[in-house]
Every structure is written in structure tokens, then in C-alpha cells.
Amino acid sequence: TILSVNRRYPGPPLVAREGDRVIVKVINHVANNVSIHWHGIRQLTTGWSDGPSYVTQCPIQTNQSYIYNFTITGQRGTLLWHAHISWLRATIHGPIIILPKLNQSYPFQKPHKEVTIILGEWFNEDPEAIINQALKTGGGPNVSDAYTINGLPGLLYNCSSKDTYKLKVKPGKTYLLRLINAALNDELFFTIANHTLTVVEGDAIYTKPFDTDKLLITPGQTTNVLLKTKPEYPNATFLIAARPYFTGQGTFDNSTTMGVLEYEHPFKKPSKNPTLIQPNLPQINDTQFVSNFTMKFRSLANDEFPANVPKTVDKRFFFTVGLGTSPCPKNTTCQGPTNSTKFAASVNNVSFTLPSVAILQAYYFGQSNGVYTTDFPVEPMVPFNYTGIAPNNTNVMNGTRTVVLPFNTSVELVMQDTTILGAESHPLHLHGFNFFVVGQGFGNFDPVKDPAKFNLVDPMERNTVGVPAGGWIAIRFLADNPGK
């Protein structure tokens with residue numbers, strides 16, 4: 001039994017045009033509290049419709065409803081929607097397809113057809129039971145049982161050969177594939193055997209096109225690619241594959257989901273035994289490929305689609321991102337790094353505590369006392385060699401602590417991975433804003449030397465980015481969206 005939207009997994013697409021006003025009434029018919037996040041939608045002055053539970057809204061209770069009302073401003077391409085409470089997004093998710101305004105075209109060849117491909121994770125057990133158990137014991141959560149392509153696990157899993165996604169194409173055509181990673185935890189490599197993909201968009205921002213035979217897509221990211229099919233009908237089918245990129249110390253779902261690319265012959269029936277062409281994917285921990293691939297993304301940065309990256313900075317922040325520990329409750333045994341500790345993720349050694357009142361609601365009504373504080377540290381309180389030997393004390397602080405920015409502040413944020421409990425790539429998403437990825441590197445960020453290498457001409461604009469394992473990433477954005 002799974003939780004779903006309109007009895008579909010993945011859920012139904014939200015299709016709109018740039019500039020459209022979107023109204024979605026969500027009615028909760030399940031026992032769980034729920035909210036929906038429109039991941040990547042800027043929500044200009046409509047923070048109430050963003051969806052993260054206890055941040056911009058209280059969740060929708062059983063038999064209650066909530067109306068999301070927002071306008072799609074200055075965005076076109078592919079995004080996703082998903083539940084934003086606990087782990088319900090494992091099955092409550094779907095695509096957002098934003099078409100250009102009427103009479104406007106793509107800045108690339110018009111495709112013969114558009115196809116949405118959603119990558120996901122499948123759990124045989126109730127995902128809510130898995131995360132509740134992990135929070136209780138402090139250990140890493142049990143991993144998924146399969147990855148999926150449009151809800152289907154594919155050829156390599158037990159009893160799943162019939163549950164295989166098939167993409168049927170014609171020779172000599174160009175297809176626009178809208179790729180979405182809706183997996184809970186895993187960054188995924190993706191490829192189509194013996195085919196080149198041309199990347200033309202990331203996170204609903206057009207890119208300078210570049211060719212690749214494989215790509216990486218982190219949870220919450222979207223990537224639009226052009227697939228040019230072979231000019232003649234090949235007597236072969238080609239496997240589509242996705243599997244994880246993983247650099248951490250814990251366990252992960254080390255499996256591969258497979259789909260099939262089939263050519264439709266215009267005149268005759270296909271062979272019953274076509275050659276099956278195998279895909280080629282990077283190694284599980286191929287951090288160098290990931291770094292090289294990520295740095296290929298560049299904004300179009302032309303007159304029609306400018307890259308308005310802030311050239312000057314009003315406020316600079318330095319955030320360390322990684323794992324730490326919290327003490328186990330008295331008289332209990334935990335399953336963290338030791339039996340007296342729990343795993344805890346943190347930023348600048350602060351692990352976020354979810355409030356019981358939505359932060360935006362508390363702010364709006366002037367009732368923030370006891371809900372959140374405005375003293376989030378803008379840099380680590382105890383500097384150390386972030387990618388070297390970890391400190392002896394790995395305990396984190398807990399709190400609902402925020403950073404308050406004046407309207408129209410230009411911000412530069414450097415996010416630094418740490419090797420506490422192991423270096424690991426960390427995908428992070430900024431609600432209500434796009435940001436420009438102006439720099440990245442391995443090791444510790446050098447505030448003197450590294451900014452000289454920042455790209456302020458055509459950096460990629462995104463809403464989700466992976467902080468490199470054992471490295472750092474620098475972003476800039478303009479805080480022009482009040483309430484976010």
C-alpha cells in the first residue's frame with residue numbers, strides 16, 4: 001500500500017505556461033498530515049504556497065484541504081512537485097512542465113516529441129516506518145529496495161522483468177527528455193546505451209548546449225536533454241540505466257534500474273530477438289566525473305536569457321555541511337557511530353529542529369518568540385581543518401535558528417563539506433530563489449585565492465546543487481523574495 005496523488009505513481013503532471021497563474025486544491029484523504037512543495041517555483045511574494053510543513057504552512061490534516069495559489073514568473077522548463085513532510089515524497093511526487101509563453105520557441109531545435117522520465121526510489125516497507133525507526137535509534141535509515149524509471153524498477157530486480165519502462169522512438173528524430181530525480185536520498189547517474197544526449201536545461205534554466213553520454217542528477221534536480229535517434233532503423237534495443245553515485249561511509253542501495261529504448265520500424269515488424277546493447281555508467285564513487293560534469297553547465301547569458309549574477313556582494317556566509325552526533329537519551333542504546341550517540345546532520349554545527357508552528361506564520365503574526373531565533377551562525381564558531389582529520393568532539397547543537405536578510409541583499413554563500421564521519425556529497429535546495437553557481441573545488445575553501453577564479457560571466461543558475469564530497473561550492477543570489 002502506498003500514498004499517492006489521484007491514485008497515480010508517479011503523480012499527475014502539472015502543465016502550465018510561463019506567466020500562468022496556477023491554483024491547486026489539495027484535499028487530504030489519508031491518515032498522515034501532508035503538504036505539497038512546488039520544487040523550484042520561485043513563489044515571488046507567495047511564500048504561503050511553497051509547501052514545506054512547519055516552515056511556510058501547517059500541514060494539511062486528514063479530511064482538510066489547502067489551496068495553493070501562485071504565478072509562474074520568468075521560468076520555463078521542467079521542475080517537480082512533491083510532499084514536504086517526513087518521507088511522504090517517496091511516492092507523492094510528480095512533474096511540473098512549464099511551456100514557453102505562446103508564440104515563443106525553445107532556444108534549441110524543436111523536438112519531434114517530449115517525454116518525461118522520473119527517477120525514483122522504491123521501498124517494500126512503509127517509508128514512514130523506516131524514517132521513524134531511524135530517528136528513534138539514531139542509525140542510518142534502511143535503504144530502498146529498488147530504483148525506478150517512471151515508477152517501474154526494470155529488468156535487474158526479482159519478478160520485475162515485466163515492470164520495465166519502454167521508450168519507443170523513430171529513427172532520425174529528436175526527442176526532448178525531461179529528466180527528474182525524485183529519489184529520496186540518492187544522486188543518480190543516467191545513461192542510454194550507445195546514444196549521445198545534449199544537455200539544454202537544468203532546473204528550468206536553459207544552458208549552453210553540451211554533449212554527454214552519461215550524466216548525474218541529484219535529488220530535486222531536473223535536466224532536459226535532446227536525444228537524437230539513429231538515422232536508420234537498428235536491429236537492436238538499447239538499455240536505459242540509472243544507478244547511485246555514493247561517497248559516504250554508510251550503506252546504500254547499490255542496484256541499477258533499467259529501461260529499454262526501442263526503435264519502431266516504419267514498415268516491418270521488429271525482430272523477435274534484437275541485439276541488446278548494454279549501457280556504460282561511471283563507477284559508484286567517481287567524484288572526478290561528477291566534478292567535471294557539473295562544471296560543464298553554463299547559463300545561456302544572452303540578451304533574451306541573461307545571467308543576472310550579483311557582481312557585488314552585501315553579505316557573505318560560510319556554511320560547513322556534514323554529519324555529526326547527538327547524545328543518546330538516558331538509559332537507551334542507539335545505533336549511531338557509538339551505542340551512546342545518534343547520527344545528526346548539521347550546518348555550521350547546528351542541527352535543525354522542526355517547530356510545531358510554521359515559521360512564516362509566526363513571523364507574519366508577530367509571534368516568533370519560542371518558535372525560532374534569528375542567531376544562526378554565519379560561519380563556523382570553531383574553525384578546523386574541514387577536510388582533514390575530524391575533531392574529537394562531533395556533537396552538534398540543536399535549534400530552530402534562522403538568518404534574517406534585508407530585502408534586495410546580494411548574498412554570497414560558500415558551502416563546505418566536512419570529513420566528520422566521512423566526506424559525502426550533499427545536495428542542497430534553496431526555496432524561493434534561483435542561485436548562480438560561481439565556483440567549486442576540492443579541499444578547504446581559500447577565501448583569498450579561490451574567489452579570483454569565480455565565474456561571474458555565465459555561471460549556471462539552479463535551485464538545487466550538490467556540495468562536492470571533500471570540497472566546497474560557492475553560490476550567489478539576490479534576496480528579492482520577501483517571506484522566503
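Data table
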{"read-out": "Whole-number accessible area per residue in Å² for segment 1-104, which is evaluated in the context of all protein chains at 1.4 Å", "value": "45"}
{"read-out": "Carbon and sulfur %, accessible surface of the chain computed with the full protein complex present, 1.4 Å", "value": "51"}
{"read-out": "Spatially proximal aspartates and glutamates relative to residue 101 (Cα-Cα < 12 Å; intrachain offsets below 8 disregarded)", "value": "18, 20"}
{"read-out": "Accessible area per residue, Å², segment 261-408 with all protein chains present, probe 1.4 Å", "value": "65"}
{"read-out": "Net charge of neighbours whose Cβ lies under 12 Å from the Cβ of residue 188, counting Lys and Arg as +1 and Asp and Glu as -1", "value": "-2"}
{"read-out": "Selection of trypsin sites (Lys or Arg not before Pro), segment 151-245, meeting DSSP coil and at most 12 other Cβ within 10 Å", "value": "162"}
{"read-out": "List 87, 122, ordered by accessible area with a 1.4 Å probe, largest first", "value": "122, 87"}
{"read-out": "Stokes-Einstein D for segment 1-104, Kirkwood Rh over Cα pairs, 4 °C, 1.567 mPa s (µm²/s)", "value": "93"}
{"read-out": "Amide H within-cut-off set for residue 351, under 5 Å, with H built and near neighbours excluded", "value": "397, 398, 399"}
{"read-out": "Accessible area (Å², 1.4 Å probe, nearest 10) - residue 29", "value": "150"}
{"read-out": "Two-decimal ratio, segment 92-158, of alpha-carbon radius of gyration to 2.2 N^0.38 Å", "value": "1.71"}
{"read-out": "Prolate/oblate/rounded call for segment 73-226, Cα gyration tensor, a/c under 1.5 rounded", "value": "prolate"}
{"read-out": "Beta bridges per DSSP with both ends in segment 105-297, % antiparallel, nearest 5", "value": "75"}
{"read-out": "Amide hydrogen neighbours beyond the local backbone of residue 298, cut-off 5 Å, H modeled", "value": "208"}
{"read-out": "Residue 263 long-range amide H proximity, modeled H, under 5 Å", "value": "169"}
{"read-out": "Share antiparallel - DSSP beta bridges, the chain, percent rounded to 5", "value": "75"}
{"read-out": "Nearest 10 degrees, 0 to 90: helix 127-137 Cα axis against the chain principal axis", "value": "30"}
{"read-out": "The chain - percent relative contact order, Cα under 8 Å, separation 6 or more", "value": "14"}
{"read-out": "Prolate/oblate/rounded call for segment 358-484, Cα gyration tensor, a/c under 1.5 rounded", "value": "oblate"}
{"read-out": "HN-Hα J in Hz across segment 234-245 - Karplus 6.51, -1.76, 1.60, θ = phi - 60°, x for Gly and Pro", "value": "x, 7, 7, 10, 10, 6, 9, 9, 9, 8, x, 9"}
{"read-out": "Neighbour cut-off at most 10 other Cβ (10 Å), DSSP loop, trypsin sites (Lys or Arg not before Pro), segment 281-326", "value": "311"}
{"read-out": "Segment 315-479 - share of DSSP beta bridges that are antiparallel (%, nearest 5)", "value": "70"}
{"read-out": "Computed magnitude of the charge dipole of segment 315-479 (debye, nearest 20; Cβ of K, R +1, Cβ of D, E -1)", "value": "260"}
{"read-out": "Coordinate range along principal axes, alpha carbons of segment 173-253, Å, largest first", "value": "46, 31, 17"}
{"read-out": "Solvent-accessible ranking of 159, 328, largest area first, probe 1.4 Å", "value": "159, 328"}
{"read-out": "Pairs from 113/268; 170/230; 110/166; 136/342; 113/230 whose Cα-Cα separation, in the structure shown, is over 20 Å", "value": "113/268; 110/166"}
{"read-out": "Only Lys, Arg (+1) and Asp, Glu (-1) charged, at Cβ; segment 105-297 dipole about Cα centre in debye", "value": "1040"}
{"read-out": "Rounded, prolate or oblate (a/c below 1.5 giving rounded, otherwise prolate when a/b exceeds b/c) for segment 323-424 by Cα gyration tensor", "value": "oblate"}
{"read-out": "Mean separation of Cα contacts under 8 Å (6+ apart) over length of segment 71-113, as relative contact order %", "value": "37"}
{"read-out": "Rounded D (µm²/s) - the chain, Kirkwood Rh over Cα pairs, Stokes-Einstein at 37 °C, 0.692 mPa s", "value": "139"}
{"read-out": "Within the chain, longest stretch free of exposed GluC sites (Glu not before Pro) [DSSP loop, at most 15 other beta carbons within 10 Å]", "value": "305-484"}
{"read-out": "Segment 406-464: trypsin sites (Lys or Arg not before Pro) in DSSP coil with no more than 13 other Cβ atoms inside 10 Å", "value": "449"}
{"read-out": "Cα-based convex hull, segment 383-423, per residue volume (Å³, whole number)", "value": "109"}
{"read-out": "Backbone HN-Hα couplings from phi across segment 161-177 [Karplus 6.51/-1.76/1.60, Hz, Gly and Pro as x]", "value": "4, 7, 9, 10, 6, 10, 9, 9, 10, 10, x, x, 10, 10, 10, 9, 9"}
{"read-out": "Ranking by accessible area, most exposed first, for 318, 343, 365 with a 1.4 Å probe", "value": "365, 343, 318"}
{"read-out": "Segment 352-362 - phi-based ³J(HN,Hα) in whole Hz, Karplus 6.51/-1.76/1.60, Gly and Pro as x", "value": "5, 9, 6, x, 9, 10, 4, 4, 5, 5, 4"}
{"read-out": "Probe 1.4 Å, accessible area per residue of segment 417-484, Å²", "value": "34"}
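The values are calculated or read from the model by the stated rules, or taken from the named source; none is laboratory data. None of these values were measured; they are calculated from a predicted model. Because the Cβ atoms are built from the backbone with ideal geometry, glycine has one as well, and the counts that use them run over all protein chains shown. The protein model used for the area step is the full one, side chains on, heavy atoms only, and it has no ligands, DNA or RNA in it. Shrake-Rupley method; radii C 1.70, N 1.55, O 1.52, S 1.80 Å.
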